[in-house]
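Input: a single structure, listed below in structure tokens.
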Amino acid sequence: MKPAENGLSDHLTMRGLSRRFGSFTALDAVSLSIRKGEFVCLLGPSGCGKTTLLRLIAGLDLPDAGSIALQARDITRAAPAQRDYGIVFQSYALFPNLSVADNIAYGLKPRHERQRHRLRVRELLDMVGLPGAEDKYPAQLSGGQQQRVALARALATSPGLLLLDEPLSALDARVRDRLREELKGLQQRLGVTTLMVTHDQEEALAIADRVVVMNAGRIEQIGTPAEIYRQPCSRFVAEFVGEANWLPATTSGVQEVRVGNHQLRLDAALPPAPALQLFLRPEDVIIKPRWENAPNTVLARVDNISFGGALTRIRLLPEGMPGQVLYAEVCPGMLDRQPLVPGEIVPVELPAARLLAFAGDLPC
Amino acid sequence: MLSAVLRWLPRGGQTGIAGEARIAILLLWALVAVLLLGLGLPLLFIFAKAVQDGDGGFVGLVNFAQVLQSPGLLRASSNSLQLGLTVTALVLPLAFAFAWALLRSRLWGRGLWRQIGLSPLLAPSLMPAISLVYLFGNQGLLKDWLHGGNIYGFWGVVLGELFYTFPHALLIIMTALSAADARLYEAGRVLGAGPLRQFLTITLPGVRYGLVSAGLVVFTLVLTDFGVPKVVGGDFNVLAVEAFKQVIGQQNFPRGAVVGLLLLLPAILSCLVERRMARRQQAALTARAQPFAPAPSWLRDAGALLLLLAIGLLLLALLGVGVAASFIKYWPYNLDFTLAHYQFDTVDGGGWSAYGNSLQLATATALLGSLLVFVGAYVCEKLPGMALGRSLLRFLAMLPMAVPGLVLGLGYVFFFNHPANPLHGWYGSLDLMVLCCIAHFYTTAHLTAATALKQLDGEFEAVAASLKVPFWVTWWRVSLPVCLPALVDVARFLFVSAMTTLSALIFIMTPEHSLAAVSIITMDDAGDTAAAAAMATLVVLSSAGLSLLLSLLERLLGRRNQRWRKPG
């Protein structure tokens, strides 16, 4: 279905979905639209409702309120088989007594057309990078290979929607990184609308076109990975995604705050609260080669330096902010000065363009 | 609750796959109906009968008062209690010793010893009683050992019940003992605990739940067993026999119902205790536990061998004497070999036709029962929604555990023999006996199947649904093949149980459809002990034969179909 045909480009639309289990609200009026061909990640801590949402879309559970539409067709209460999707679970759920070929051909119809199925299975195995594995059994495959078979099985019937429930969580870090890339490549090649659930923020940022951050049954923010990382719209998102420095501050003017005995300026607007927490990514902290009296620049003592491969991580103790620790991450090569030594005092800029302020006393 | 069911009813306008949900609901309620018919309604009728007089009028608790005032019944109750406690106290140490020798030694041939330990399962509870009669009865081989005493009575029953309940206790204790964590023993050794201290502080606490649960099972089995006291009880009257006398002998249904309810008490109590314990036991063995492997020890193995020999020989003697006696012309005076006792021409009880009936019953129970149980367990464990129906089905599946066969049999008499019951004509037929057997042994079979199904990935059905494959295809192509070993176990259990059981069926069989286990009682009552031994031997041989056959079949199927189980 081309978007131009009916003017709708939304492949999957959820409106006001709620689901309660007893007194626990797993989903609270969640609305979300996914465009055709898009790769969307549901990201959040365990218990945030992301898996519940996926199960509602898959028809494995039914909502208490709200509606789901797939290609403009209401499927809120349709049986799973009446929807059009393929699914891959964290456990892969490969049928242990069936060969790889039989697993992949499980949903192909009609069942007696063996010859046609064999061609399709071969095509799918080539696609997921496991050629010639037809006659093996799941127990004979590694975790990564099983994951590929599960993916091939989910794609066998060419569904319009692919649902992935933590598909990479059970794998080793190295295998996971490679499969993540392949998955993204495959998804782009096939153009299949994909919804993936994950609790791994790095994975979500790396793979998704858009990330949906969820917390306590609600959507906190929807955006591209860069938006989520650069402009978190809530304190929860800022804390959940990536690492950050948190500086307690008080409002002291329009876009001006007081931290310890320093006055800092922000480009962003301040929330209407007296107590604030300033947010700054470690890589946005700038260590200057020499002191100059510029706004948002403070002196800090180098407390500790830890080597981290591409980035060096520096623990700083800013002067005038008792007890405050500030982390900076810098590329060793881009540091325009002599190597840092613990104990030395350096000028540090907290760029106004990068500082964000959130209401609240303590980091949650 | 009903809305939860209705949610799964497909809405109009969607055909084809919509039928799937409807079939699931139909299947579920059909299973519930079968279990209600074979279990729920008969049980309800016992309660009803207990508060009615002989003509069906409501009399409240009069029957209970009468039972409590009757000295014979009171004595039977106290006898039953005494018997249950004695057997439980004796069988637990024996079974524990046997299990320990099997699992904590490195003896050669432990598999064989295990089979010997479980061999009483193959025999009706009458077999040890008959063997005891041959050994210590009036013409017994070892009668002199008793110094003029008599095997008929309390201690005879105790011995017979020991044999009958031993394998049940052994199975439970073996399960508890095998769940040992080697890391605990290593920690104990490192901290300087000797073998005795390790045994007292690690082994015993580890199996305490198993011991309690085995004790409860044994106690209930003894209280409701009917065969042993009937044959070697003599004047020693117990509740189980009393219930039979009241109902079949005197046709006093209300009083039989009250006795039946009394027998239900210990079983219900056991179930409650067990449930409480099961909740606390959850964390007994964590996923990270290391399996225990005994270190080599010559002394320990020698002790274990002695234990196995002593108990094993006793078990084999109680099984073997009856078998041997059935082939002997005239015990103990003429020990020539003969097959004459297998003619059954001159004795009552139905003879070969009774045996044929039993075979038919056991086969039908095994086939229909395993199918029913597997579909039921699948519906319980794997199908979505239908919360109300599924919990009802699960409750009905667990109920038979708390219902002794004797009580179930009484319920069948009251319910199916009721003149107003449209199924009245069914009474006494083989079909009804099949239903009774399936209901009677449902819990163990259900648990075996459910455990096997639970080990399957919970997402299989979800994947199948996403691929638009109906659940019965997945049941047939995946669940059933993967659970084949459990299915064979269930079929074997149902066959052997139906072959050997007496307690429920004795109430609903009619002389036209006699059964092997029942005919043993008839023959023994008439003094034809040799024929009774012959029939008991037939039962043992059939049970053992089928078990062997199924093992072979399993191995054959395993070689052909289960290539997927081997990794790499």
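Here are a few things to note about the model shown:
- Across peptide B:465-475, the mean count of Cβ atoms from other chains lying within 10 Å of each residue's own Cβ comes to 6.
- Cα-based shape type of region A:80-146, given that a ≥ b ≥ c are square roots of the gyration tensor eigenvalues and the cut on a/c is 1.5: oblate
- Computed across the protein assembly as shown, the Kirkwood hydrodynamic radius from all distinct Cα-Cα pairs reaches 33.4 Å.
- Normalised by the number of residues in chain B, the average gap of Cα pairs under 8 Å and 6 or more apart makes the relative contact order 23 percent.
- Mean ellipticity per residue at 222 nm, deg cm²/dmol - from DSSP H runs of n ≥ 4 across the protein assembly as shown, formula -39500 (n - 2.57): -16000 deg cm²/dmol
- With a cut-off of 15 Å between beta carbons, the residues surrounding B:L85 carry a summed charge of -2, where Lys and Arg count +1 and Asp and Glu -1.
- Note on A:R313 and A:R258: with the Förster distance fixed at 25 Å, the Cβ-Cβ geometry gives a FRET efficiency of about 0.35.
- Computed label-point distance, nm, for sites B:A187 and B:D525 using a 7 Å Cα→Cβ extension: 5.9 nm
- Label-to-label distance, nm, for residues given as B:K454 and B:L44 (7 Å Cα→Cβ offset): 3.0 nm
- In range of the label at A:S169: residues from region A:199-230 whose backbone nitrogen is under 12 Å from the point 7 Å along Cα→Cβ: A:199-201
- Counted residue by residue at 0.36 nm each, then reduced by the alpha carbon distance between them, the extension gain from B:R22 to B:R75 reaches 13.6 nm.
- Gyration tensor verdict on region B:237-370 (Cα atoms; rounded if a/c is under 1.5, prolate if a/b is larger than b/c, oblate otherwise): oblate
- Number of partner chain Cβ atoms within 10 Å, mean per residue of A:72-83: 5
- Cα-based equivalent ellipsoid, region B:187-255: semi-axes from gyration tensor eigenvalues, Å: 47, 12, 6
- Those lysines that a straight Cα-Cα span of less than 22 Å connects to B:K329, excepting residues fewer than 8 apart in one chain: B:K143
- Mean projected area of the convex hull spanned by the Cα atoms of chain A, taken over all viewing directions: 23.0 nm².
- Three-way shape call for region A:27-74 based on the alpha-carbon gyration tensor, with the a/c threshold at 1.5: oblate
- Set of aspartates and glutamates with alpha-carbon distance to A:K109 below 15 Å, sequence-local pairs under 8 removed: A:D84
- The relative contact order of region B:172-240, computed from alpha carbon pairs under 8 Å that lie at least 6 residues apart in sequence, is 36 percent.
- Shielding by partners for peptide A:127-135, expressed as the average number of C-beta atoms from other protein chains within 10 Å of each residue's C-beta, is 0.
- Förster radius 51 Å - calculated FRET efficiency between A:E123 and A:A269 (Cβ-Cβ, nearest 0.05): 0.40
- In loop segments of region A:80-186 as defined by DSSP, the trypsin sites (Lys or Arg not before Pro) with at most 13 further C-beta atoms inside 10 Å of their C-beta are A:R111.
- Applying the criteria of a DSSP loop state and at most 14 other Cβ atoms within 10 Å to the GluC sites (Glu not before Pro) of region A:83-175 yields A:E113.
- Normalising the Debye intensity of chain B to I(0), with uniform scatterers on Cα atoms only, and taking log10 at q = 0.08 Å⁻¹ returns -0.60.
- DSSP loop chymotrypsin sites (Phe, Trp or Tyr not before Pro) with at most 10 other Cβ within 10 Å excluded, longest remaining stretch of chain B: B:334-568
- Diagonalising the gyration tensor over the Cα atoms of region A:139-234 and scaling each eigenvalue by 5 before taking the square root yields semi-axes of 25, 16, 12 Å, largest first.
- Among the listed pairs B:K230/B:K454; A:K136/A:K184; B:K49/B:K382; A:K50/A:K136; A:K184/B:K454, those beyond 32 Å (Cα-Cα): B:K230/B:K454; B:K49/B:K382; A:K50/A:K136; A:K184/B:K454
- Extension gain from A:H112 to A:A353, taking 0.36 nm per residue of separation minus the Cα-Cα distance: 80.3 nm
- For A:Q263, residues with placed amide H under 5 Å, excluding near neighbours: none
- Only aspartates and glutamates eight or more places from A:K288 in sequence, or on another chain, were considered; those with a Cα closer than 16 Å are A:E319, A:E329, A:D336, A:E344, A:E349.
- Share of pairwise Cα separations in region A:44-174, more than 18 Å, in percent: 58 percent
Bear in mind that the values in this text are calculations on the coordinates, not laboratory data. Small disclaimer: the values here were computed from a predicted structure and weren't measured. Here the Cβ is made from the backbone with ideal geometry for all residues, glycine too, and neighbour counts use every protein chain on show.
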